[in-house]
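*Asks:* One structure coming up, written as structure tokens, with questions to follow.
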Amino acid sequence: MTLLNLPLAYLRWHYSAAWVDLLRLFMNLAWFLYHFFSFDLLLPTLFSPWKRLHESRHGAAGLLGALILNFILLCFGFALRLATLCLGIASLALLALFFVAFLFLWVLMPAIPFLLMVQGLIGLIGW
């Protein structure tokens, strides 16, 4: 391959093989976020108490206290798991949004050096 064939080879790669690599990159990042926020673990345990804590009753007098404390721990665990799931979903949505924006920029990237050269020549001429 000579130096003159290099721009054509780059354009061929940029608009063909690179798309597969970009899709693989997106899938790897989505896989990471999915596992980082532990969707597989949080969804089945959404209605579990916080850190699986629970209060056992001690006689008839402690029944109401145990029920109230268990309900509070359940609500706290639900709220934290739900917040983590929402943050994970928002992260995946932002990843998808940035990826779509990057794909649009990827199409235009080879034209940027040419446009900058034209802008420089126009500034040099003084138009």
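*Asks:* Would you point out the residue of segment 11-39, among those that are exposed (fewer than 12 other Cβ atoms within 10 Å of the Cβ) and among the aliphatic types (A, V, I, L, M), that is farthest from L92 (Cα to Cα)?
*Replies:* L11
*Asks:* Of all residues in segment 87-127, how many are modelled with pLDDT under 95 and under 19 Å from F39 (Cβ atoms)?
*Replies:* Here the count works out to 0.
*Asks:* Next up: With a cut-off of at least 3 residues that are out of contact with any His (no Cβ under 8 Å at 6 or more places or on another chain) and either without any contact (Cβ under 8 Å) to a residue 24 or more places away in the chain or small (G, A, S) (or both), name the helices (runs of 4 or more DSSP H) lying wholly within segment 10-119. Steps first, please.
*Replies:* Values: elements: 17-36, 39-42, 63-108.
Output list reads 17-36, 63-108.
*Asks:* Looking at (1) under 15 Å from L103 (Cα atoms); (2) surrounded by 12 or more Cβ atoms within 10 Å (Cβ to Cβ), which is the one condition that is false for L42?
*Replies:* Here L42 clears every test but (1).
*Asks:* Does L8 satisfy the criteria of being at pLDDT below 85 and over 22 Å from A93 (Cβ atoms)? Show your work before the answer.
*Replies:* Details: at pLDDT below 85: no; over 22 Å from A93 (Cβ atoms): yes.
In short, no.
*Asks:* Of the residues S48, S56, S38, which single one is modelled with pLDDT of 85 or more and not aromatic (F, W, Y)?
*Replies:* On the way: S48 fails: modelled with pLDDT of 85 or more; S56 fails: modelled with pLDDT of 85 or more.
Selected residue: S38, the only one of S48, S56, S38 that is modelled with pLDDT of 85 or more and not aromatic (F, W, Y).
*Asks:* So T84 fits all but one of (1) among the β-branched types (V, I, T); (2) modelled with pLDDT under 85; (3) surrounded by 13 or more Cβ atoms within 10 Å (Cβ to Cβ); what number is the exception?
*Replies:* (2)
The values are calculated or read from the model by the stated rules, or taken from the named source; none is laboratory data. From a predicted model like this one, the values you see are computed outputs, not experimental measurements. Here Cβ is always computed from backbone atoms with ideal geometry, including for glycine, and neighbour counts include all displayed protein chains.
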